[in-house]
Structures are given as structure tokens and as C-alpha cells.
Amino acid sequence: MCNNTGMSEMPLEPDSPDDDDHYASEDWYTDGGSHLEMIIDRTIWPADEIAAAGDRLRAATDATCDMFDLPPLNVGGLFCDDRRIAGLNGRFRGKDKPTNVLSFPGGESETDGEGRLAAGEIAIAFETVRSESVRDGKSLNDHLVHLWVHGLLHLMGHDHDEEAEAEAMESGEIAVLAKLGIADPYAGTVPLQDTAEAG
């Protein structure tokens, strides 16, 4: 599952001139005042999935802020492929394989010019998310929203290294997702601390 890299460096900009042809940049603003700076690999992420997910990711960000009493956030998002996330996973975690989501926390208490907390960045890989959603019988869109919330909680300092931490984090995710009409993502799945991707 999601891995908090513990890095304050923001590595999610496309890393070669050729990448610019593959990525689209979009600024998404939430009703609660958060700003999501999205970089989307257009060659792998279906446009209809991104369009369907946009409003839900905005709502998920606001619901997370409300539930955890957070100010509006400035979050960078990278929707990439497995190759790209495997490179990030190898570089920052020493694990040369794809994972579903990585979090890169921002600076402590830094705000942008609009008073938003500079929370950090979240990277999510399409192929892994798609295969997990098929495996677990979930919609890709619901799984994507869950991983976004999971990543946001990592940016806010939550973790799942210990069982008690994992349970608290999962409870928070379940509560946020319930506000969005998404069922408990852990019901009938492998516990987070038992997954190969657990950080």
C-alpha cells in the first residue's frame, strides 16, 4: 500500500524532455480552498477515468481536511505508469518494483501565498491500481479515491509501520471514504501490514 518516503524533496516533475509529450498539467481547486497540482500521464490514464475521478478527489481532499481539522492544502499529484513509480520506489525506498502509491511530505507548516499548507506530493501508478481493483472487485475510481486519501494521511504524518498505527490510519480512511459513499476498502482484503508493499 502507500509508502511515506520521508523525503521533503519533490521529485514528481517529469524527468526528461520526452516526458513532456506524455504529461498534462492541471490545476484542480476544491470547494474548501485546497489546490491540487496534477501531472497526468495521458498515454496510460484513461481520460474518462480522470474526468470521473476529478470531482471525487477534490471532495476527498476536503473531507480529509474536515475530518482531521486541517487547513486547505496544496498537494502535488502525479498519475503515472508502473515504470515511473518503480523508478521513484527504487530511488527513495530502495525497492525496485512498482507500488500503487507513494507520498512525499512537504515542509513542516509551510504555506503558499494563499495560506494553504504545502502538504507534499502523491504519486499513483495506473497499472497497479487497475490490477488491484480487479483483484479486489472494486471500481478503479473507488480504489483511486482510497489511495488518494491514504496518501493524504501519509502527508499529514500518519503511518502504518506498527499495528496500532495501521489500525488508526485505516479507521480514518474508512471514515473519510464513508462520507463519500465508498465502502470500507479493507473489508475482505489482506490487512495492510501483511501486504508486500507495506512500508
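Looking at this structure, is Thr61 of a type in the set (Ser, Thr, Tyr), closer than 27 Å to Ser171 by Cβ and at pLDDT 95 or above?
Yes: the conditions hold for Thr61.
What is the residue count in segment 163-199 for residues that are modelled with pLDDT under 90 and among the β-branched types (Val, Ile, Thr)?
3
If you go through segment 77-86 one residue at a time, do you hit one that is closer than 19 Å to Gly32 by Cα and surrounded by 14 or more Cβ atoms within 10 Å (Cβ to Cβ)? Steps first, please.
First pass over segment 77-86, keeping only residues closer than 19 Å to Gly32 by Cα: 77.
Next, from what is left, pick out any that are surrounded by 14 or more Cβ atoms within 10 Å (Cβ to Cβ): 77.
Checked segment 77-86: at least one residue is closer than 19 Å to Gly32 by Cα and surrounded by 14 or more Cβ atoms within 10 Å (Cβ to Cβ).
Results for (1) under 28 Å from Asp48 (Cβ atoms); (2) crowded, with 19+ Cβ neighbours inside 10 Å; (3) touching a residue at least 40 places away in the same chain (Cβ under 8 Å), shown as yes or no for each residue.
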position	(1), (2), (3)
Gly107	no, no, yes
Gly115	no, no, yes
Ala119	yes, yes, yes
Val134	yes, no, no
His146	yes, yes, no
Leu152	yes, yes, yes
Asp161	no, no, no
Glu165	no, no, no
Ser171	no, no, no
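Does segment 18-58 hold any residues that are farther than 20 Å from Glu173 by Cα, among the charged types (D, E, K, R), touching a strand residue (DSSP E or B) at 6+ places or on another chain (Cβ under 7 Å) and in contact (Cβ under 8 Å) with a residue 12 or more places away in the chain, and which are they?
Glu26, Glu37, Asp41, Arg42
Say whether the condition of being in a loop (DSSP other than H, G, I, E, B) and either buried (at least 19 other Cβ atoms within 10 Å of the Cβ) or at positive phi (or both) is met by at least one residue in segment 50-68.
No.
If we scan segment 21-28, do we find a residue that is assigned to a helix (DSSP H, G or I) and either at pLDDT 95 or above or farther than 21 Å from His160 by Cβ (or both)?
Yes.
Check off (1) surrounded by fewer than 18 Cβ atoms within 10 Å (Cβ to Cβ); (2) farther than 17 Å from Trp45 by Cα; (3) touching an Asp or Glu at 6+ places or on another chain (Cβ under 6 Å); (4) at pLDDT 95 or above for Glu127 and give me the number that stays unchecked.
(2)
Residue-by-condition table, conditions (1) out of contact with any Cys (no Cβ under 8 Å at 6 or more places or on another chain); (2) closer than 20 Å to Leu155 by Cα:
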{"site": "Arg42", "(1), (2)": "yes, no"}
{"site": "Asp48", "(1), (2)": "yes, no"}
{"site": "Ala59", "(1), (2)": "yes, yes"}
{"site": "Asp62", "(1), (2)": "yes, yes"}
{"site": "Asp66", "(1), (2)": "yes, yes"}
{"site": "Asn74", "(1), (2)": "yes, yes"}
{"site": "Leu78", "(1), (2)": "yes, yes"}
{"site": "Leu102", "(1), (2)": "no, yes"}
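The values are calculated or read from the model by the stated rules, or taken from the named source; none is laboratory data. What you see is a predicted model, and the numbers here were worked out from it, not measured in a lab. Cβ atoms come from the backbone with ideal geometry, glycine included; neighbour counts cover every protein chain shown.
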